[in-house]
1. Out of the stretch 71-85, which residues are touching a helix residue (DSSP H, G or I) at 6+ places or on another chain (Cβ under 9 Å) and either in contact (Cβ under 8 Å) with a residue 12 or more places away in the chain or not in a strand (DSSP E or B) (or both)?
2. Here are some residues: 147, 242. Which one is assigned by TED's automatic domain parsing to the domain that holds residue 113, assigned to a helix (DSSP H, G or I) and touching a helix residue (DSSP H, G or I) at 6+ places or on another chain (Cβ under 6 Å)?
3. Can you name the condition, by its number, that residue 41 falls short on among (1) without any contact (Cβ under 8 Å) to a residue 24 or more places away in the chain; (2) outside any loop (DSSP other than H, G, I, E, B)?
4. So if I check each of 138, 167, 147, 179, which one is in contact (Cβ under 8 Å) with a residue 60 or more places away in the chain and under 25 Å from the mean Cα position of the chain (by Cα)?
5. State yes or no: is residue 36 surrounded by fewer than 11 Cβ atoms within 10 Å (Cβ to Cβ), out of contact with any helix residue (DSSP H, G or I) (no Cβ under 7 Å at 6 or more places or on another chain) and not assigned by TED's automatic domain parsing to the domain that holds residue 127?
6. Could you check the stretch 103-143 and list, in sequence order, the residues that are in a helix (DSSP H, G or I), in contact with a strand residue (DSSP E or B) (Cβ under 9 Å, 6 or more places away or on another chain) and surrounded by fewer than 20 Cβ atoms within 10 Å (Cβ to Cβ)?
7. Quick test of your reading of the structure: residue 182 fulfils all but one of (1) at pLDDT 90 or above; (2) outside any helix (DSSP H, G or I); (3) in contact with a strand residue (DSSP E or B) (Cβ under 9 Å, 6 or more places away or on another chain). Name the failing condition by number.
8. If you check residue 51 against the conditions, is it assigned to a loop (DSSP other than H, G, I, E, B) and either in contact with a helix residue (DSSP H, G or I) (Cβ under 6 Å, 6 or more places away or on another chain) or touching a residue at least 60 places away in the same chain (Cβ under 8 Å) (or both)?
């Protein structure tokens, strides 16, 4: 457990410490005491005051990275360590596939990629979608090298291989995943209200679709790569026909049909 496992956005150290005490009392009451040796503090921000927190009179140790629901977060929010981790996992699966299938057909190669390799590289990408060019290239290299092992495609350029197999690049798929998530948030598909992540443009009625976003100001690289800023230009450029889709499935299908315009 981390202190941030409580998903408390407040920065007041007194409130956080009070919440830790509440959690401690609740778990003790229900005979599920927390193992304070496994509880840590994960801090963000260069101006973080580094205030110590305690749980059951035990000072929680600070850490530079944590894994939450399969996503490795570092205190720089670069997600470089997470990218390295998923690339390593995907390459391991790629190696096993190559050992198991000596000369698969194009169709089988595509199926194996989509079923076993790509999900590793895309899990929760809306959270960690890379901003660094080096990280983007590391991810794309996995798919590029895998498709090069297909005998009928090995001498063709990467973009030609993608075209012949009707596959988008991983970067384009991350853009589409961002757009689908944005659509789901703004149309309240998640069952909880997350609309405060975005700010709708007051001038959206003048031209374009009715759900255009207002560009949010940022002072840090972290905020610059946050979903609301990352998706801003592409989302606002979408046609009304896409935005007015009747369902998430319809919106996603239309996006893939228009992917060359993204």
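The values are calculated or read from the model by the stated rules, or taken from the named source; none is laboratory data. Computed from a predicted model, the values in this text were never measured in an experiment. Backbone-built Cβ (ideal geometry, glycine too); neighbour counts: all protein chains shown.
1. In the first step, residues of the stretch 71-85 are kept if they are touching a helix residue (DSSP H, G or I) at 6+ places or on another chain (Cβ under 9 Å); the result is 71-74, 76-80, 82-84.
Of everything in the stretch 71-85, those that are touching a helix residue (DSSP H, G or I) at 6+ places or on another chain (Cβ under 9 Å) and either in contact (Cβ under 8 Å) with a residue 12 or more places away in the chain or not in a strand (DSSP E or B) (or both) turn out to be 71, 72, 73, 76, 77, 78, 79, 80, 82, 83, 84.
2. None of the others qualify; the one that does is 147.
3. (1)
4. Values: 138 fails: in contact (Cβ under 8 Å) with a residue 60 or more places away in the chain; 167 fails: in contact (Cβ under 8 Å) with a residue 60 or more places away in the chain; 147 fails: in contact (Cβ under 8 Å) with a residue 60 or more places away in the chain.
179 is the lone residue from the list that is in contact (Cβ under 8 Å) with a residue 60 or more places away in the chain and under 25 Å from the mean Cα position of the chain (by Cα).
5. Working: surrounded by fewer than 11 Cβ atoms within 10 Å (Cβ to Cβ): no; out of contact with any helix residue (DSSP H, G or I) (no Cβ under 7 Å at 6 or more places or on another chain): yes; not assigned by TED's automatic domain parsing to the domain that holds residue 127: yes.
So residue 36 fails the test.
6. Correct list: 127 only.
7. (2)
8. Numbers: assigned to a loop (DSSP other than H, G, I, E, B): yes; either in contact with a helix residue (DSSP H, G or I) (Cβ under 6 Å, 6 or more places away or on another chain) or touching a residue at least 60 places away in the same chain (Cβ under 8 Å) (or both): yes.
In short, yes.
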